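The values are calculated or read from the model by the stated rules, or taken from the named source; none is laboratory data. Model, not experiment: these values are computed from the prediction. Heads up, the Cβs are rebuilt from the backbone with ideal geometry, glycines too, and the neighbour counts pull from every protein chain shown. Please note that ligands, DNA and RNA were not included when accessible areas were found on the heavy atoms of the full protein model with its side chains. Shrake-Rupley method; radii C 1.70, N 1.55, O 1.52, S 1.80 Å.
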Amino acid sequence: MARAGGAGAAGAIAVLGALCVGAAIACNDAGTVVPGGQGNAAGRVFDLGGGVTATLGDDGAFSIVSSGATLLATPPGTPLLARTSDPDDPDGWHDPTKPDTDLTVLPVDPSSVGVEVVPDGSSTRAIHLVVPEQAPDTALLTVSLAADASFVTGLGEQFAHVSAAGRISPMYVAPGSPWESDTNEAHVPVPFLVSSAGWGLFVRTREAGAFDVAATDPTTTRATFEGRTLDVWFFVDADPLAVVARYDRLAGLPRPLPRWALSLLHWRHWAGPDDVLSVATEYRQRHIPTSALWFDDGWQTALNTSVPASSVFGDVQSTMATLASLGYRVMAWTSPYLEKPAGGSAPPDPAQVLYAQADAAHDFVQDGEGNDYAPLASPIKGGAGVIDFTSPNAQAFWEQQVAQATRAGIRGFKCDYGEDFVPDLLGARDPVAFADGTTAHTARLFPIEEHATYHAVLDEAFPGDGALIVRASSWGGASQADIVWPGDLDPRFEHQGDTLAADEGTGLAVGGLPAVVVDAQTLSVSGFPAFGSDTAGYRHQPTRESTLRWMEHTALSVIMQVYEDGARLPWLYDDAAAEEYREMASLHQALEPYNAVLMTAAQTAGAPPIRPLPLAFPGDPGGAAAADSEYLLGPDLLVAPVLEAGASSRSVHLPPGKWVHWWSDTVYEGPSDVTIGAPLGSPPLFARAGGLVPMLPDGIDTLVDATAPGVVPLAAAKAEMRARAWPAGTSSVVLDDGSSIVIEDGSGGVTVTWESSGVVRNLTVDVDVRTRTGSSGPIEGVTTVSGPALMALSNSSESAVEASTSPAWATNAAAGDAGSATNPGSPATATHVWLRFVGSGAALLEVAR
């Protein structure tokens, strides 16, 4: 079975060595010399192009200047690069989150640093610095920059705040913390920092480290990592989101997601086949759009045999066939462990038989002394082995096991655990040895290797139609990790660090709904575009209100996945809760074309789908204060989840421009702060003037094929598309079937062009003419520019236009107003014009002259 190669390729970047060490030499990715690196009295100066220069001084000072203005620099008197010397124990554990006053810190010789300017054809400038090994006693290397007033974020999974300022963020998971989880919650650490000022810093290493962003010293940001060499990248672009994209292209772009993953995903611990079919059928009877069911731990004959258990599935083939007929993909929980046989005469279970096979073949991670490594966090109480995914033999062995699940029809896996290889085991180095030579120093690559092994099986069994949901990863891991879920969170409105409620135990909260609104943003700008928290958390029990508010957030995210333990199903609360669930799931599925476009941009160019306001609108000072509670879903939708218990309204910061409230259709002018009513079922959602949102028709139950009576699959409406548009300038979108929509707002009116690929043939588009910038005149009428003629419908509605079998148009103007003789609903007083294209065509919404 062919192994997916993305993980190894992303992590194995050759150091350019002697070619890039010369005092006046810079290299591109291929190692060829490019202009730059000219020496002068201040050191070396590198021309990055576009008016951007970088200087590395003879004293170690570093700066980047853009169009004459200093974009970033080192603190006065502090070199960019320094090393910590430990002659007695350079390979021992050195905590990068804390200064070690007993050790000596020395500047790195700047003349030894290799520098290359790396263009990639975009407007984003990149400069790459390689710190060679200078002394065998080096324990840590540090990058120092002067802190400024810009908004900085990234660093992978974060729960407290979107801004990284004022915190020390470890780039490794470690046990022991004030949180109830007893870890530091760094499941997906990414050593990338991006600033609203238009620069980014990426420390490309698998060693343990930490970012201290103006926490210890408010004037300085430091990145400190273990190791004797360091690979440092700086990116510059006036658009901070372009900086994110440039980092993503370097670190490794994400895999394409199957379409069904953008529908609702439901998971639970299933009691048996009757339970499975009861819930699966209930979804269909209530027409709550759902395309996948997960089977959590307990679905196998024994742990990680990958053989479906009859106690859960009954007759496996029959149950899988029924679920397929209802339009479900099936996913299953997994972990990288096998159970060690216990002593005594009891016969081993199937997983223990597998353990013996793997142990005999040396397929387990070792502890450095030739013994099987004892995992720290496995779900097995009596001892376990951890599969060594760096070993080709172990990969092949595990692929054979996983293939038993795919042969049964399972198309995806939730990869849990696998975070045992911590660099800091309560202040000591954890001895671990992998087949490829990896040690605890660089074990952050383990989950990526694990995910690649699963994808090798999925890609062979279901090319392009399998998916993983994972908890742990690191930079570049999105090339194998389709969806990240943040582990076990609290169920209500807890912020990270809150004292837990009396019925939730003791300790400090990992975080609830406010924490995932933060996490979705920091992961998206760190290279992981598809994030899906357990709706209503996992720990303890949610309230009805927190369940529904969380659903409002996940509905307006790329991924909507719902966990329930038999007590959280909305229809068990009451019918009103079930109806809101249906509406939110329907909205999420209707937005699938929009989310698919966002994911395509992430997968091809690195553009983040979920965007913090300060990066999308860097000139808006109000964005920073709102960042923890608002975000952009793509360029055109602003989402402001309700994050407080009992709230029925909330203050929303609107960035510059016009914004249209999705539910009331009210137009607001930003930048401004407005108070918005937000009853359950109407989360604050705004569309940007200039926005264009493609959507699926209502009434689709599943995005995969279904044959059961009464189930409406996507195929039943695949010829149809709809869209909402708020013209201001020119907007366009290309759908995944190749069809396209273009909206052009000009002095003569608004031109709408629909190019059908022949797969999606028909388009109904709602054009809000109030946001136009091309002309202030009212709409006089609609003229067909190309394609079949659009005919006016009298006294009509959007639903009537959408239902028309022939090209048509109508407005929302009141009947009887003065206007077009062919449409008593006068265009002159319209705020919305609805167009129906049957096949390709174009129409002009004409402005009165």
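In table form, for the structure just shown:
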item: For the stretch 333-420, diffusion coefficient by Stokes-Einstein and Kirkwood Rh (Cα), 37 °C, 0.692 mPa s, µm²/s; result: 240
item: Label-point separation in nm, SER111 to VAL734, each point 7 Å along Cα→Cβ; result: 5.1
item: Candidate aspartates and glutamates - alpha carbon under 16 Å from LYS340, same-chain residues fewer than 8 apart omitted; result: ASP349, ASP359, ASP363, ASP367, ASP372, ASP388
item: Long-range tail of P(r) for the stretch 434-570 (Cα pairs > 23 Å, %); result: 43
item: Pair-distance profile P(r), taking every C-alpha pair of the stretch 164-206, with 10 angstrom steps and integer %; result: 24, 46, 24, 6
item: Alpha carbon centroid spacing (whole Å) that separates the stretch 390-418 from the stretch 663-680; result: 48
item: Straight-distance crosslink candidates among aspartates and glutamates, where the alpha carbon sits under 18 Å from LYS658 and sequence neighbours closer than 8 are dropped; result: ASP620, GLU630, ASP636, GLU669, ASP673, GLU744, ASP745, ASP766, ASP768
item: FRET efficiency, 1/(1 + (r/R0)^6) with R0 22 Å, evaluated for ALA374 and ASP182 via beta carbons; result: 0.80
item: From the C-alpha gyration tensor of the stretch 558-623, square roots of 5λ in Å; result: 32, 16, 11
item: Rough spin-label spacing in nm, given labels placed 7 Å along Cα→Cβ, for ALA716 and GLU583; result: 2.3
item: Calculated over the stretch 301-377: convex hull of Cα atoms, volume per residue (Å³); result: 132
item: The stretch 714-799, Cα convex hull volume normalised per residue, Å³; result: 113
item: Per-pair calculated FRET efficiency, R0 = 30 Å: VAL316 and LYS381 via Cβ, rounded to 0.05; result: 0.60
item: Residue among GLN357, PRO713, PHE837 farthest towards the positive dipole end of the chain, charges placed on Cβ; result: PHE837
item: Cβ charges +1 (Lys, Arg) and -1 (Asp, Glu), total dipole of the chain, debye; result: 2240
item: Sorted peptide list for 760-770, 683-693, criterion being average Cβ within 10 angstrom, highest first; result: 683-693, 760-770
item: Surface share of carbon and sulfur [accessible, 1.4 angstrom probe, percent] for the stretch 423-501; result: 55
item: Over the stretch 321-471 - Rg/Rh using Cα atoms and the Kirkwood inverse-distance radius; result: 1.00
item: Under Karplus coefficients 6.51, -1.76 and 1.60, residue-wise ³J(HN,Hα) of the stretch 61-75 in Hz, glycine/proline x; result: 5, 9, 8, 10, 10, 10, 6, x, 9, 6, 8, 8, 7, 7, x
item: Unit charges at the beta carbon, dipole of the chain: most positive-side option, PRO463, LEU613, VAL750; result: VAL750
item: Debye-sum result for the chain in log10 I(q)/I(0), which assumes one identical scatterer on each alpha carbon, at q = 0.06, 0.10 Å⁻¹; result: -0.42, -1.13
item: Fraction in percent of alpha-carbon pairs per bin - 5 Å, the stretch 391-494; result: 2, 12, 19, 20, 19, 13, 8, 4, 2, 0
item: Carbon + sulfur, % of accessible area of the stretch 668-747 - ligands and nucleic acids excluded, 1.4 Å; result: 51
item: Antiparallel bridge percentage (DSSP; both residues within the stretch 665-816; nearest 5); result: 65
item: Per-peptide average of other Cβ atoms within 10 Å, ordering 529-540, 711-722 highest first; result: 529-540, 711-722
item: Hull-based mean projected area of the stretch 586-696, where the convex hull spans the alpha carbons, in square nanometres; result: 7.1
item: Convex hull of Cα atoms in the stretch 128-272, direction-averaged projection (nm²); result: 12.7
item: Portion, in percent, of the accessible area of the stretch 510-559 that falls on carbon or sulfur, probe 1.4 Å; result: 53
item: Kirkwood Rh and Cα Rg combined as Rg/Rh, the stretch 200-244; result: 1.02
item: Å³ per residue enclosed by the Cα convex hull of the stretch 66-206; result: 154
item: Solvent-accessible area per residue, Å², over the chain with all protein chains present [probe radius 1.4 Å]; result: 34
item: Highest average packing first - 197-209, 431-443, 742-754, Cβ atoms within 10 Å; result: 197-209, 742-754, 431-443
item: Cα-only Debye scattering, the stretch 82-143: base-10 log of I(q)/I(0) at q = 0.20, 0.22, 0.28 Å⁻¹; result: -0.80, -0.89, -1.20
